Amino acid sequence: MQSRTKFGSFLRGIAVGGAALLAATTAHAQASGSTVITAARYIDVLGGKTVDYPAIFVGADGRITGIADARTVRWGSDVKHIDLGDKTLLPGLIDMHVHIDGPADIGGYNGLEYTDSFWGMTAVKNARDMLDAGFTTIRNVGSSDRNDIGLKQAIDAGYAVGPRIIGAGYALGATGGHCDSTFFPPSFEKEDAKKEGIGDTPDELRYQVRRQRKYGAEAIKVCATGGVFSRNTEPGQQQLSEAELKAIADEAHQWGLQVAAHAHGASGIRAAIGAGIDTIEHASLVDDEGIRMAVARKRPVWFSMDIYNTDYTQAEGAKNGVLEDNLRKDREIAQAQRDNFRKAHKAGVRMVFGSDAGVMPHGLVGGQFKVMVQYGMTPLEAIQAATRNAAQALDREKDVGAIAVGRYADIIAIDGDPLADVRQLESVDAVVKGGVLVKGS
């Protein structure tokens, strides 16, 4: 009897000590926070659930230090309070396929009206539009003059306001391919001079990987097939061999960089998957074998399928100067891409959110969520594609993609329940980046 009494006291001691330790840990997390963010609820994209009454504590470095129940926790007067009222919070969204220096309303040869530095200037507004739309992180897959890298530096230094940018610099490709300049006669080019990013052997393409990284690229973009908005290429054409693609992937991975492959055509998609490329962009004409390879590959491969922007390009493209041949290609692959999105998702292919912003206005990209749901995803899966999945594909799970301790306090606020109506994400009421309110009040 005495031994049972001692054992009971021992258990009670453990319980009291555990509760004290939990309280001390929570108090420490709160005390280390310089800002607290509250709202009615938040979406836990890692657990796939809604959590009521969050109090999210943020440290001076912009990272989340603790999450508590706002009904029971207290904080000092020295803690800045961002009260987002009766809103639903989500992690800041991630767009994996952006062209930040591409205004959607300037197409075809209309771009020749502007000087070279014009495009970098437009990137500043486009970045702000994406941030206001709730996208606090973007991966820019190819730009002129490294405008993406320059803008990232300007944002990081406080000269501009915009998302976190993972830039690729110049896109890599073959001579005459989708990532080469195909709109002009040879007299417009220097003799025997290749455009930046262009290579025609594995060694030349390895050099281009090293060159983009040297000047600030944090990802590599390669064009494995022809494209819609280039001239003298067809989307289904394979334009780099698997050996060339493997050289790019191996070199990039050696330097710790992820690789995105523009690939519409089935053979190019298969070659990119076989070469070890990390994300397949567009994947419009993927076949059953490509889907099987994507599901089975040991190193994760992700599909980034822009299944919304054709609504804009078909409605506004001609007015913006897009050539009829480009609009033809856009029409021919649009429905096939959407049908293959459904097929790939059903088969278990890993999916991320990629809009191809620049082909359509940057501020409208939230409209893609409803199309992703229309073609097979649940609202939660569509949200996870733009948060949890994208962070995994970027290998930045310690930084972004969830409201979780240790990650940046990149948070958006909307009305209603996006798990019931994903179109709520088309209108974002407030945006917090690194614990700082950058949109809303």
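Select from the range 322-345 the residues that are surrounded by fewer than 19 Cβ atoms within 10 Å (Cβ to Cβ) and of a type in the set (K, R) and write down the one among them that is farthest from S284 (Cα to Cα).
Per the criteria, the residue is R328.
Go through the range 55-96 and report how many residues are open to solvent by less than 10 Å² (accessible area, probe 1.4 Å) and of a type in the set (S, T, Y).
Selection size over the range 55-96: 1.
For the range 268-304, give me the residue count where each residue is without any contact (Cβ under 8 Å) to a residue 40 or more places away in the chain, in a helix (DSSP H, G or I) and open to solvent by less than 10 Å² (accessible area, probe 1.4 Å).
Here the count works out to 3.
Checking V51 against (1) in contact with a strand residue (DSSP E or B) (Cβ under 9 Å, 6 or more places away or on another chain); (2) in contact (Cβ under 8 Å) with a residue 40 or more places away in the chain: exactly one of these is not met. Which one?
Every listed condition holds for V51 apart from (2).
Test I280 against the criterion of being of a type outside the set (D, E, K, R) and in contact with a Lys or Arg (Cβ under 8 Å, 6 or more places away or on another chain), and give yes or no. Break it down stepwise before answering.
Working: of a type outside the set (D, E, K, R): yes; in contact with a Lys or Arg (Cβ under 8 Å, 6 or more places away or on another chain): no.
No: the conditions fail for I280.
Considering each residue of the range 106-118, count those that are part of a helix (DSSP H, G or I) and open to solvent by 50 Å² or more (accessible area, probe 1.4 Å), and give that number.
Here is the first cut: in the range 106-118, the residues part of a helix (DSSP H, G or I) are 108-113, 118.
Retained after the next criterion (residues that are open to solvent by 50 Å² or more (accessible area, probe 1.4 Å)): 109-110, 112-113, 118.
Total meeting the criteria: 5.
Among the hydroxyl-bearing types (S, T, Y) and either touching a strand residue (DSSP E or B) at 6+ places or on another chain (Cβ under 9 Å) or surrounded by 18 or more Cβ atoms within 10 Å (Cβ to Cβ) (or both), is that true of T182?
Judged against the criteria, T182 is not a match.
Could we say that A171 is closer than 26 Å to I403 by Cα and not β-branched (V, I, T) here?
No, not satisfied.
Consider the range 392-441. How many of its residues are more than 19 Å from I155 (Cα to Cα), β-branched (V, I, T) and either at pLDDT below 95 or not in a strand (DSSP E or B) (or both)?
Total meeting the criteria: 4.
Search the range 73-97 for residues being farther than 28 Å from D148 by Cβ and of a type in the set (A, V, I, L, M), and hand back the single one that is nearest to the chain's Cα centre (by Cα).
If we take residues in the range 73-97 being farther than 28 Å from D148 by Cβ and of a type in the set (A, V, I, L, M), then L89 is nearest to the chain's Cα centre (by Cα).
Can you say whether L245 is at pLDDT 95 or above, over 20 Å from A385 (Cα atoms) and open to solvent by 10 Å² or more (accessible area, probe 1.4 Å), as far as the supplied structure shows?
Judged against the criteria, L245 is not a match.
May I ask you to say which residue of G134, G169, G142 is closer than 23 Å to A261 by Cβ, touching a residue at least 60 places away in the same chain (Cβ under 8 Å) and of a type outside the set (K, R)? Even if it seems obvious, please write down each step before you answer.
On the way: G134 fails: closer than 23 Å to A261 by Cβ; G169 fails: touching a residue at least 60 places away in the same chain (Cβ under 8 Å).
Every option except G142 fails the conditions.
Could you run through the range 32-47 and say how many residues are in contact with an Asp or Glu (Cβ under 9 Å, 6 or more places away or on another chain) and not in a strand (DSSP E or B)?
Looking only at that region, the number is 3.
Of everything in the range 121-165, what is open to solvent by less than 60 Å² (accessible area, probe 1.4 Å), assigned to a helix (DSSP H, G or I) and of a type in the set (D, E, K, R)? Give them in sequence order.
D129, D132, R146, D148, K152
Answer yes or no: is there a residue in the range 249-267 that is more than 26 Å from R350 (Cα to Cα), open to solvent by less than 40 Å² (accessible area, probe 1.4 Å) and modelled with pLDDT of 95 or more.
no
What are the residues in the range 360-401 that are among the acidic types (D, E) and either crowded, with 24+ Cβ neighbours inside 10 Å or more than 17 Å from A260 (Cβ to Cβ) (or both), if any?
E381, E397, D399
Which residue is farthest from D180 (Cα to Cα), if the candidates are limited to the range 198-226 and must be among the small types (G, A, S) and either touching a residue at least 60 places away in the same chain (Cβ under 8 Å) or not in a loop (DSSP other than H, G, I, E, B) (or both)? Spell out how you get there, then give the answer.
If we filter the range 198-226 for residues that are among the small types (G, A, S), which is where we start, we get 199, 216-217, 219, 224, 226.
Then keep just the ones that are either touching a residue at least 60 places away in the same chain (Cβ under 8 Å) or not in a loop (DSSP other than H, G, I, E, B) (or both); that gives 216-217, 219.
Details: G216: 21, A217: 18, A219: 19 Å.
Only one residue tops the list, namely G216.
The values are calculated or read from the model by the stated rules, or taken from the named source; none is laboratory data. Bear in mind the structure is a predicted one, so any value in this text is a computation, not a measurement. Glycine gets a Cβ as well: all are built from the backbone with ideal geometry, and neighbour counts include every protein chain shown. Note: accessible area is taken over every heavy atom of the protein model, side chains too, but ligands, DNA and RNA are not part of it. Shrake-Rupley method; radii C 1.70, N 1.55, O 1.52, S 1.80 Å.
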